[in-house]
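What follows is one structure encoded as structure tokens, with my remarks underneath.
Taken together, the values in this text are just the output of simple stated rules run on the coordinates, not laboratory data. What you see is a predicted model; the values in this text were computed from it and never measured. Reconstructed Cβ throughout: ideal geometry from the backbone, glycine too, with neighbour counts over all protein chains shown.
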Amino acid sequence: MEQNEKIEDIKRLVEKYLDLGDMNSKVIWKWFYLGRDFEQKVNRRIDQEREKSEQTVRKEIYNEMMEFLMKENEDDEIKKNKKKALKEKMRGAKVIYELFMKIGQERINNVKETNVTTIIKLTTSQKNQIIKDFKKK
């Protein structure tokens with residue numbers, strides 16, 4: 001009887017461990033979809049407003065998003081920090097989106113141990129090396 005309890009305890013630990021991997025994949029999927037939706041919005045707007053540069057369109061979308069993120073009485077320093085954080089997160093979402101579009105979206109489900117912050121901090125050359133390595137497989 002005691003042996004069965006030990007086995008069940010171990011099984012529960014393994015289930016919790018496996019669930020962590022699933023949670024990580026879910027978080028990466030959220031970042032992927034955010035990056036995808038943002039890039040699609042940018043591209044649609046560039047197609048509609050051909051006279052505007054990509055940088056101008058991105059800036060406009062950031063400003064529109066900030067309208068929903070700001071509170072009325074926030075000072076300029078807080079607004080500036082929020083906008084900086086928004087840009088950094090959107091850049092990270094773009095990294096994840098571009099990476100998994102190149103190596104395959106289905107690979108997101110295989111990411112168990114690598115944290116989102118590790119992926120979003122990839123440099124362009126690191127991202128390109130990963131893409132190159134996966135193209136060989």
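What you get for segment 2-136, charging only the Cβ of Lys and Arg (+1) and of Asp and Glu (-1), is a dipole of about 680 debye around the Cα centre.
Annotation: peptides 27-39, 46-58, 110-122, 65-77, ranked by per-residue average of other Cβ atoms within 10 Å with the highest first, follow the order 27-39, 110-122, 46-58, 65-77. If you look at the Cα atoms of segment 76-137, you get an Rg and a Dmax of 14.0, 50 Å.
Relative contact order, percent, of the chain when contacts are C-alpha pairs under 8 Å separated by at least 6 residues? Write out the running numbers ahead of the final one.
On the way: 83 pairs, mean separation 50.0, N = 137.
This gives 36 percent for the chain.
Simple rule: put +1 on each Lys or Arg Cβ and -1 on each Asp or Glu Cβ in the chain, find the dipole, and look at Gly104, Ser125, Gln3; the Cα lying farthest toward the positive end is Ser125.
From the P(r) of the chain, can you give the percent of Cα pairs sitting at distances over 27 Å?
Numbers: 3744 of 9316 pairs.
The share of Cα pairs beyond 27 Å in the chain comes to 40 percent.
Counting only residues at least eight positions apart within a chain, or on another chain, the lysines with an alpha carbon under 17 Å from that of Lys79 are Lys59, Lys71, Lys87, Lys89.
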